[in-house]
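Okay, so here's the structure we're looking at.
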């Protein structure tokens, strides 16, 4: 918990959320901003290609411990799911990290389900084979620390090694 605390300490950080109430308010603000970025009927093909009909920063939603955010009592990120198919057009980037235990059950979550539906890139680190297929057709396996498989539509499955910096 709170492993991302202090990681970003510049003006780029809109909000660091530590409770469901805060997350609901932040998601509402992001949703309202993204609604204004959706292309209307007056947007030309050139504007669509250049993505020039709206101005503003790209929005990165980074969720560590997603399994603690999306619970049986609800998912405060669900209002953003409708923007995922048009994420590139509206400048939305969503990065979710969760424990591997119970990951196969999480596939029924509306946000993860939408990410799977649009074939968003994903990475599976060491995970029990019992979880079954999680991304694309990749069947997880137990891997050495830091190793994972990234799955994309364009490149398929690729083995990769992440770096680790020891804490201070």
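The values are calculated or read from the model by the stated rules, or taken from the named source; none is laboratory data. Being a predicted model, the structure only gives us computed values, none of them experimental. Neighbour counts run over all protein chains shown; Cβ positions are idealised from the backbone, glycine included.
Here are a few things to note about the model shown:
- Scanning the range 82-108 for residues that are over 19 Å from residue 131 (Cβ atoms) and out of contact with any strand residue (DSSP E or B) (no Cβ under 9 Å at 6 or more places or on another chain) returns 82, 85, 88, 89.
- Residues satisfying the criterion are absent from the range 139-150 (criterion: out of contact with any strand residue (DSSP E or B) (no Cβ under 9 Å at 6 or more places or on another chain), within 22 Å of residue 63 (Cβ to Cβ) and assigned to a loop (DSSP other than H, G, I, E, B)).
- Cβ-Cβ distances below 6 Å connect the following pairs, each with a first residue in the range 64-80 that is free of Cβ contacts under 8 Å to residues at least 60 places away in the same chain, a second residue that is outside any helix (DSSP H, G or I) and buried (at least 18 other Cβ atoms within 10 Å of the Cβ), and a separation of six or more residues or different chains: 66/96; 66/98; 67/98; 69/63; 70/109.
- Filter result for residue 158 (at pLDDT 90 or above, in contact with a strand residue (DSSP E or B) (Cβ under 8 Å, 6 or more places away or on another chain) and not assigned by TED's automatic domain parsing to the domain that holds residue 94): yes
- Helices (runs of 4 or more DSSP H) contained in the range 41-93 and holding at least 3 residues farther than 15 Å from residue 111 by Cβ and over 17 Å from the mean Cα position of the chain (by Cα): 45-50
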